[in-house]
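For reference, the structure discussed in these notes is given below.
The values are calculated or read from the model by the stated rules, or taken from the named source; none is laboratory data. The shown structure was predicted, so the numbers you read here are calculated from the model rather than taken from an experiment. Note that we place each Cβ from the backbone using ideal geometry, even for glycine, and neighbour counts take in every protein chain shown.
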Amino acid sequence: MEEKRVELLAPAGSFDALTAVICAGADAVYIGGSKFGARAYAENFSEEEVIKAIDYVHLHGKKLYLTVNTLLKNKEMQELYSYLKPYYTEGLDGIIIQDIGVLHYVKNQFPGLPIHASTQMTITGVEGVRFLESIGVDRIVMAREMSLEEIKKIHIETNVEIESFIHGALCYCYSGQCLFSSMVGGRSGNRGRCAQPCRLPFDAKNEKGIYPLSLKDLCTIEMIPEMIQAGIYSFKIEGRMKQPEYAAGVTSIYRKYIDSYLNNPNKSFQVEQKDYQELLDIGNRGGFTKGYYIQKNGPKMITINNPSYQSEGKELLKKIREKYIQKELKVKIKGFLRLSENNPMIFDLKCNRVEVCIKGEKVESAKKQPMLEENIRKQILKTGNTPFEFEELEIKMDNSIFIPIQKLNELRRNALSKIQNELLKNHKRNLSEEHICKKALNKDLISLKKNSTNTINVYIEKKEYLSIILKKKEIAGIYLDINILGPDISLNDLNDYVKACHDHDKKCYLALPYIFREYHRKKFYEIKEKLLNCELDGFLVRNIDEIGFIKNAKCHKTIILDYNMYTYNQSALEFWMEQSIIKNTIPLELNEKELKWRSNENSECIIYGYLPLMISAQCVSNTLYGCKKSQKEEQQLTIVDRFQNKFFIKNQCTFCYNIIYNCKPLVLWNEKEVQGLSIGSVRLHFTIETEKKVEQILNDYIQQYYFKKQIKQEFCKDYTKGHFKRGVD
């Protein structure tokens, strides 16, 4: 069976890189503009350069995608329309989005603009893809942790295009789930400013200065047939921060082998050693890994002793520079020039399927020496700094004619300008000002209801905490982390916990897994009916895949979005309200001032807890000690950074992911500051505390928040306020 042709998608951090990867064989290029991209420290493109880039790729029959793959605050949403409008009208081919509020806004305001769900959305399964497909997403950039088997299932069961990374750097954390750089260093990965703490040394396993969180670079050149057969359409190279030589060199080699397979899929597929070595020499971090396509995790993917980035072969880089960067790629055109005495010059140009005809001044009779064809040809062939060059030029002319040189030049310029306009015009769009959504662009501060709450809820990751919390009549609701139910997800235990909560006049919610992979989905469908029919009050949801599952299951229980569902802006809140999901958790990266621009009456604010910095498919315990899953016990360990901060780690074997917690708990103690945001409720997170500490913290917070008694905070000396005051850029 003939395989569908795929797209080779290359990165470009500059215009030189863009022209280089097109020359090297990219079908499409993704770039960042001056705002809202996940590589804030890349060179990026100005507005003029983005427009120039759109036209450039279209003239060469390629596509351009723009990254708007960060989370936007309310004030920034006001800038989005004017930022995107010139690119939309010029013919931008797609926009890569993380923020559901941005997705909602773009879908309404820029009709027909293809939307690609960023890998930052952490989409890992059929349910999430179907949900995004239902709201108009055209392409899903899959989480890097996906296996080929999972991707194939999505390809079979949905209709969206699948885009997957094939080469370049790998994040340790599921993209979009990382707060490590943000909380510890103040530079948010969700805002394109990741400081890459995973590349730093840690003390662990009685060893100093090892790198248990640093992944090798991805290289899938040997897996191209399997990836195409799995249904991957767009083959994405990582590297907008890399030099043009890197992007062009990697693109050229993948172009060679993608074409080799597509042109003869029945031929034995083999990568030449010299090409594999070239990829290594262009750049690698501790060697290569094939990533998660064929394995869940493992120490062989980690650069545990040597994380430094290596690039060898100055001669190779020189060769790439000469071949793809210094070479000017021109669009091939065919021309037919007719010159007959006393008639207008007629110049026909053809490029692909586009033809234009230009008429010039009348051809004069030669009074002295007639013009030679070779001189006319020489003049017409001077395409200069235009994007064109003649592949063919046929000239039919009378013998005794004369044409002023400036008239020939004018004819050539007009013809080239006309064919360029014709080649580009089908890409351009019109946008009426009527599309502007006044509500979305409202620059007034949101009118907040000045309510004061004393509703306190508690989230727990250990069943031993439950009996303590049940005794506190002031606690309104309890979130049970699903891992409390054990590896078999015991519904009998769940029913007992729900009954105990209700008997003590407390609501009970089940906190679903941080990640919802295919093996989770199968288990949940096995227990779906019993789960949905139990007396639970609702679910705390952590990802879009779970939203898709719940929607498909026609669940009518209360859905509460957790903090990592990122309702940064009003557009996101409005989107979820349209989906009949009202309750949410305030994102952890907005500061007090920014939260006053947000409607918080249906929101819950986390005011205490050791919060996750990373959710990873990798397992630190497996990397350091080997897999302990067969022991069916939650493994707990710590790693220590160079400042002697201890980070606690749990490996959740039931759902096969790791949680790395912050070294300090979040403590928001000033009740008046939090209440000033007019929030609906507050939440305490209990994860690694002793039972005695849980009791103390509960008692103090109840006095401070429920009874409004101003008492001194003494349960924790070393804590963080997170971003409540500082925020992120």
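One line per residue, one yes/no per condition, for (1) out of contact with any strand residue (DSSP E or B) (no Cβ under 7 Å at 6 or more places or on another chain); (2) among the β-branched types (Val, Ile, Thr):
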site: Ile468; (1), (2): yes, yes
site: Ile489; (1), (2): yes, yes
site: Val498; (1), (2): no, yes
site: Lys506; (1), (2): no, no
site: Ala511; (1), (2): no, no
site: Ala553; (1), (2): yes, no
Applying the selection to the range 75-105, what residues are touching a Leu at 6+ places or on another chain (Cβ under 6 Å), within 13 Å of Ile54 (Cα to Cα) and assigned to a strand (DSSP E or B)? Ile95
Flag for Lys692 being surrounded by fewer than 19 Cβ atoms within 10 Å (Cβ to Cβ) and closer than 30 Å to Ser175 by Cβ: no
Only one of (1) over 20 Å from the mean Cα position of the chain (by Cα); (2) over 24 Å from Ile232 (Cβ atoms); (3) surrounded by 21 or more Cβ atoms within 10 Å (Cβ to Cβ) does not apply to Glu79, and that is (3)
Taking the range 533-564 only, how many residues are farther than 19 Å from Val126 by Cβ and part of a helix (DSSP H, G or I)? 3
For the range 576-624 the number of residues that are closer than 25 Å to Asn108 by Cβ, surrounded by 21 or more Cβ atoms within 10 Å (Cβ to Cβ) and aromatic (Phe, Trp, Tyr) is 1
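Collect the residues in the range 377-407 that are hydrophobic (A, V, I, L, M, F, W, C) and either touching a strand residue (DSSP E or B) at 6+ places or on another chain (Cβ under 6 Å) or touching a residue at least 40 places away in the same chain (Cβ under 8 Å) (or both), keeping them in residue-number order.
Taking the range 377-407 and keeping what is hydrophobic (A, V, I, L, M, F, W, C), we get 380-381, 388, 390, 393, 395, 397, 401-403, 405.
Matches in the range 377-407: Ile380, Leu381, Phe388, Phe390, Leu393, Ile395, Met397, Ile401, Phe402, Ile403.
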Specify the residue that is surrounded by the fewest Cβ atoms within 10 Å (Cβ to Cβ); the eligible residues are those in the range 106-118 that are free of Cβ contacts under 8 Å to residues at least 60 places away in the same chain and part of a helix (DSSP H, G or I). Lys107
Could you tell me whether any residue of the range 236-243 is in a loop (DSSP other than H, G, I, E, B), surrounded by fewer than 23 Cβ atoms within 10 Å (Cβ to Cβ) and touching a Cys at 6+ places or on another chain (Cβ under 8 Å)? no
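Which of the residues spanning the range 328-365 are β-branched (Val, Ile, Thr) and within 30 Å of Val57 (Cβ to Cβ)?
Of the residues in the range 328-365, the ones β-branched (Val, Ile, Thr) are 331, 333, 346, 354, 356, 358, 363.
Residues satisfying the conditions are Val331, Ile333, Val354, Val356, Ile358.
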When the range 28-69 is checked residue by residue, the ones that are polar (S, T, N, Q) and at pLDDT 95 or above are Thr67
Which condition number in (1) over 16 Å from the mean Cα position of the chain (by Cα); (2) buried (at least 21 other Cβ atoms within 10 Å of the Cβ) is the one that Leu132 fails? (1)
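Have a look at Tyr293, Tyr324, Tyr261, Tyr257 and point out the one that is closer than 30 Å to Ser616 by Cα and either free of Cβ contacts under 8 Å to residues at least 60 places away in the same chain or surrounded by 13 or more Cβ atoms within 10 Å (Cβ to Cβ) (or both).
Details: Tyr324 fails: closer than 30 Å to Ser616 by Cα; Tyr261 fails: closer than 30 Å to Ser616 by Cα; Tyr257 fails: closer than 30 Å to Ser616 by Cα.
Checking each option against the conditions leaves just Tyr293.
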Only one of Ile358, Ile419, Ile376, Ile395 that is among the aliphatic types (A, V, I, L, M), touching a Cys at 6+ places or on another chain (Cβ under 9 Å) and not in a loop (DSSP other than H, G, I, E, B): Ile419
Restricting attention to the range 144-167, and to residues there that are in contact (Cβ under 8 Å) with a residue 60 or more places away in the chain and assigned to a loop (DSSP other than H, G, I, E, B), which single residue is farthest from Phe647 (Cα to Cα)? Ser147
Please verify whether Ile586 is under 25 Å from the mean Cα position of the chain (by Cα), closer than 25 Å to Val728 by Cα and of a type in the set (Val, Ile, Thr), treating the condition exactly as stated. yes
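Each row is one residue, and each column tells you yes or no for (1) in contact with a Phe, Trp or Tyr (Cβ under 8 Å, 6 or more places away or on another chain); (2) more than 17 Å from Gln177 (Cα to Cα); (3) not small (Gly, Ala, Ser).
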residue: Tyr568; (1), (2), (3): no, no, yes
residue: Phe575; (1), (2), (3): no, yes, yes
residue: Pro587; (1), (2), (3): yes, no, yes
residue: Leu595; (1), (2), (3): no, yes, yes
residue: Ser603; (1), (2), (3): no, yes, no
residue: Tyr610; (1), (2), (3): yes, no, yes
residue: Ile615; (1), (2), (3): yes, no, yes
residue: Ser621; (1), (2), (3): no, yes, no
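Quick one: which of Phe647, Phe643 is surrounded by 21 or more Cβ atoms within 10 Å (Cβ to Cβ) and either without any contact (Cβ under 8 Å) to a residue 60 or more places away in the chain or assigned to a strand (DSSP E or B) (or both)? Can you show your working first?
On the way: Phe643 fails: surrounded by 21 or more Cβ atoms within 10 Å (Cβ to Cβ).
None of the other options fit; the residue is Phe647.
Quick test for you: out of Leu170, Leu71, pick the one residue that is in a loop (DSSP other than H, G, I, E, B) and in contact with a Phe, Trp or Tyr (Cβ under 6 Å, 6 or more places away or on another chain).
Working: Leu170 fails: in contact with a Phe, Trp or Tyr (Cβ under 6 Å, 6 or more places away or on another chain).
Within the list Leu170, Leu71, the selection yields Leu71.
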